[in-house]
Every structure is written in C-alpha cells, then in structure tokens.
Amino acid sequence: MGSGFTVIFDCLLLLMLFGICRGSTVGVCYGRNADDLPTPDKVVQLIQLHNVKNVRIYDSNIQILKAFANTGIELMIGISNLDLLPFAQFQSNADTWLKNSILPYYPATKITYITVGAEVTEASNNVSALVVPAMQNIFTALRKAGLHRKIKVSSTHSLGVLSRSFPPSAGAFNSSHAFFLKPMLEFLAEHQSPFMVDIYPYYAYRDSSNNVSLDYTLFESSSEVIDPNTGLLYTNMFDAQIDAIYFALMALNFRTIKIMVTETGWPSKGSPKETAATPDNAQTYNTNLIRHVINDTGTPAKPGEEIDVYIFSLFNENRKPGLESERNWGLFFPDQTSVYNLDFTGRGSLDTTTNSNFTNSNGTWCIASPNASEDDIRKGLDWACSSGNVDCSAIQPSQPCFEPDSLPSHASYAFNSYYQQNGATDIACSFGGAGVRTNKNPSYDNCLYMTLGSNKTAASNATASPLKSPSSVEKVSIWIPGCILMAFLPFL
C-alpha cells in the first residue's frame, strides 16, 4: 500500500508540474466593433487588474499583440472569413503571415490558439470549403516554426452546425456540411485540437419562449428535462447543447475531441420584444455559468469533464448591426465602467435586487494586502487613480494622507475610496488580489478614510466631486485538478 501511495504522490507532482491536470477555465472575448474603446494598453491594464488569464480576439492586430506581451495572458487570435482564400490557396501565404504577424511577438505574447474562420456555416458567402485547406496550411507553417504543439489550430461554429440538438442523445451534424466537417474533425482528432462552438441559450429562449423556460436557460431551473433515450437528467440548456455536440461527434466515431465554448453570454439590453435581455438576467446567467464551469461539474453525458469557456464580450459594441441586444453583450461600457457586477471567482452571492453580485460589507474598509507583491499593489493604485475614477488628491504631497509616504499607505487610501464608492462589495476590494478587507478603521490623524455612503472623500482637507466609477470585477481562471481521480484509478 505504501509503495502505491508513493506512486500516486509522484504522479500528482508530475501532473501539476507539466500542466496535464489543469481544470476548466473561464476567459473573455475582446471584440472591438465599437466607438471610443480604450487603447489596447488600457484594456490590458483593465484585464490584468481583474486577473484575467484567457482572452479571445478576432484577428491578429499588431498593436493588441504588443499590448499583451509579457503579461502571461493566454491569447486566442483569429483569421476572419474574408481572409480565408489566400491562406487556403498557397502555403507561402500562411508562412509569410506567421513570419511577419506572429513570430515577432511570440512567445512574449502567449498565443495558444488560432481560429481559422468563424461560424462559416452562417456566412452569406460560401467559404466553408476554404476552412480545412487554410487550417492545414496554418498548421504546416506552425510545424515549420516548431510551434505546432504549442499553438493549436481550429475553427469556431454556431450551434446551427447541428441538424438536431434535442434530445441531446439525438444530436447530429447537418449533412449539408459533411463535405468540410468530416475532414475538419479528422484534422482536430489528429492534432488534438478542440471543437470550438459558440453557444447561446439566450437565443433559444428568445425565439421559442413558449417552449423553453427562462429558468432553464439561466441555470435556475428547479425541474429536470429527461433525455428519453439515455435517461440523463438536464437542469440547464447549456449542458444539453454541449451534450448534443458530444453525441453528434460520437455518432461519427470521434470520441476523443474535446469541446471548447468560444462564445457564450447574455445581453443586458434589447429591443422592446426582447424582454429577457436585462442586466439581472445577464448577471444571473454569467454568474451561474462561471460557477458551473470552474467547479468542473461537466455535463450529464460527461460528468467531471473539463471545458474551457469564453464569455462574450468584454465591451458593449455599438457598431454591431441587428437588434438592440446585439450591441449589449458587454461586461463593460467603453469607458470601462461595469454594465453589471460579476464575480468571476464563482464564490459571491447573487443579489439581483441591487443588480450586483456581492456580500454586503457595511463597517469594513479595503486596504492593500500585506501579502501582495509591490508590482500588483502599484498596478492597483495606478488603476484606481486613473480608470477607477478615484480622487487621489489626498495622497499628494502636503495633503493629509500623503504621510507616511509609502506605496501600501497610498494604495490603501485609493483602494478604500474605490471600494466604498462601489457599494463596499467583496469584489470591489479585489484589485487582482492586491486588496483585502479589514474591520479596523485605517483612518489616522487628519487622514479620514471614506465610509460606505459618503459623497466625498473623507480626508479632511481634500474634497472630491462625485465621480462615476466602475464596479470591480475579479476575473480569474481557476485551475482545478479534476483529472486526478481518472489519472490515479489504475493505481487504486
């Protein structure tokens, strides 16, 4: 028995060291079809503040690649449908693109995925036939550079790629797409790339509200939907749609391909007929989604299966065409203020009556954590005094909170001001892990720290005008060793 446990312990160390057992992650999509968006540098600062670790962009914009350099953030980049033809036609085009647009920024910019085309079955122009040749040429270019195992190649799909999704066990791909789907699935299986899909339970409810329960789409259902063929019980539409894809893959004998959700979310505003597009529903869906994913819950057909998910989208995008909801999927407005509060740790309590996701924190203050690094504290301070709209005049020379002239002291004042201005919520004191709450009033001498409900800063000689400031959203990727049990079964 002792030797068996020694083997298990050694395996555990190897799994952790080599990242084999990493758990599900939640990322965010960074679309830019909007006016007055922050510069890429400021976007990266916002993302870093909230500890975001996975981001999807839809092109290979050089300024964005530069902005993400040396951040450790894993980046998914894309090749648009309009650019598929040259990549599919000639290997030299893929080689040149990789040489000029990717290699100068890698590995400082941690590119991990390249999406070749996006929802091509929904595209008005018939580009489906170009996808697999383009994918193969991109892969060959990566192999020449020795990066084919570090950067995975795939393509994203809408749920419309299925001809049937209910019950999940009857999930099947649309036969009209077979000419490009079969070689694509063979490519994904051979190169261990994920099947990427954009899943939106919102649309299922909006377009069939008489047949679909709102609670079922929001992960709030108290009842279950039974798959008559398998007897599996479903409490939410997200799982049902994922399993429909699993069963469609298995029907074609592709059992090893993993699924990645490259877009999902809920709009916070819609046209008069889009009654479900509200901040409360958006907050509820994304909060429950995050909890579901980071716990490695899996689905009824694949319990405990890890799945990576990207929430759409970082910002509202006012230039997108279509119904009002199309322009209101963002977590943030372009000025970086929050559309609604969202706790990406999955630990907060949901309180839609105040349209925020937090535990009330009256009688507390927020200060710089003694366990945080100087770099993290400085980033938090810089953000609070700029994008966070905190009045930091009280910590300037000759002002009541300047002394002691130290980074933790100045940061504590700024952190607390932001915290109190944003409802004294748990997540408003995150600052990427640099903030910590305390029950002890940190005020001293003439430096009076703001309290909940104040309309001005509490430093006696420094008055601030009311400011519109964002709610802090801590966004994390959780690494949960959900595969440990499966890895150790042979030793037990």
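The values are calculated or read from the model by the stated rules, or taken from the named source; none is laboratory data. On a predicted model such as this, the values are computed, not experimentally measured, just so you know. For neighbour counting, all protein chains shown are included, and Cβ atoms are generated from backbone atoms with ideal geometry for every residue, glycine included. In case anyone asks, the SASA skips ligands and DNA or RNA and just uses the protein heavy atoms, side chains included. Shrake-Rupley method; radii C 1.70, N 1.55, O 1.52, S 1.80 Å.
For the range 92-105, residues that are of a type outside the set (Lys, Arg) and either touching a Pro at 6+ places or on another chain (Cβ under 9 Å) or open to solvent by 50 Å² or more (accessible area, probe 1.4 Å) (or both) total 8.
Please pick out the residue among Ser465, Ser393 that is at pLDDT 85 or above, open to solvent by 20 Å² or more (accessible area, probe 1.4 Å), among the polar types (S, T, N, Q) and more than 22 Å from Leu314 (Cα to Cα). Explain how you work it out, then say what you get.
On the way: Ser465 fails: at pLDDT 85 or above.
Sole residue among the options that is at pLDDT 85 or above, open to solvent by 20 Å² or more (accessible area, probe 1.4 Å), among the polar types (S, T, N, Q) and more than 22 Å from Leu314 (Cα to Cα): Ser393.
Among residues belonging to the range 272-298 that are of a type in the set (Val, Ile, Thr) and buried (at least 20 other Cβ atoms within 10 Å of the Cβ), point out the one that is modelled with the lowest pLDDT. The qualifying residue modelled with the lowest pLDDT is Ile294. The set of residues in the range 75-88 being part of a helix (DSSP H, G or I) and touching a residue at least 40 places away in the same chain (Cβ under 8 Å) consists of Asn81, Leu84, Leu85, Phe87, Ala88.
Taking the numbered list (1) of a type in the set (Lys, Arg); (2) over 26 Å from the mean Cα position of the chain (by Cα); (3) within 26 Å of Leu162 (Cβ to Cβ) in turn, Lys99 passes all entries but (3).
Among the residues of the range 226-238, those that are more than 18 Å from Ser158 (Cβ to Cβ) and open to solvent by 10 Å² or more (accessible area, probe 1.4 Å) comprise Ile226, Pro228, Asn229, Thr230, Gly231, Leu232, Leu233, Thr235. Selection of the range 139-160 for residues being more than 17 Å from Thr264 (Cβ to Cβ) and among the hydrophobic types (A, V, I, L, M, F, W, C) yields Phe139, Ala141, Leu142, Ala145, Leu147, Ile151, Val153.
Taking Val131, is it closer than 22 Å to Ile259 by Cβ, of a type in the set (A, V, I, L, M, F, W, C), in contact with a helix residue (DSSP H, G or I) (Cβ under 7 Å, 6 or more places away or on another chain) and without any contact (Cβ under 8 Å) to a residue 40 or more places away in the chain? Spell out how you get there, then give the answer.
Details: closer than 22 Å to Ile259 by Cβ: yes; of a type in the set (A, V, I, L, M, F, W, C): yes; in contact with a helix residue (DSSP H, G or I) (Cβ under 7 Å, 6 or more places away or on another chain): yes; without any contact (Cβ under 8 Å) to a residue 40 or more places away in the chain: no.
Spelling it out, it is not the case that Val131 is closer than 22 Å to Ile259 by Cβ, of a type in the set (A, V, I, L, M, F, W, C), in contact with a helix residue (DSSP H, G or I) (Cβ under 7 Å, 6 or more places away or on another chain) and without any contact (Cβ under 8 Å) to a residue 40 or more places away in the chain.
Every condition in (1) surrounded by fewer than 19 Cβ atoms within 10 Å (Cβ to Cβ); (2) over 21 Å from Glu326 (Cβ atoms) is met by Ile73 except one, and the failing one is (1). Those strands (runs of 3 or more DSSP E) of the range 127-214 in which at least 1 residues are touching a Gly at 6+ places or on another chain (Cβ under 6 Å), of a type outside the set (A, V, I, L, M) and surrounded by 15 or more Cβ atoms within 10 Å (Cβ to Cβ), considering only elements entirely within it, cover 152-158.
Suppose the filter is touching a Phe, Trp or Tyr at 6+ places or on another chain (Cβ under 7 Å), in a loop (DSSP other than H, G, I, E, B), at pLDDT 90 or above and not charged (D, E, K, R); does Ala301 pass it?
On the way: touching a Phe, Trp or Tyr at 6+ places or on another chain (Cβ under 7 Å): yes; in a loop (DSSP other than H, G, I, E, B): yes; at pLDDT 90 or above: yes; not charged (D, E, K, R): yes.
So Ala301 passes the test.
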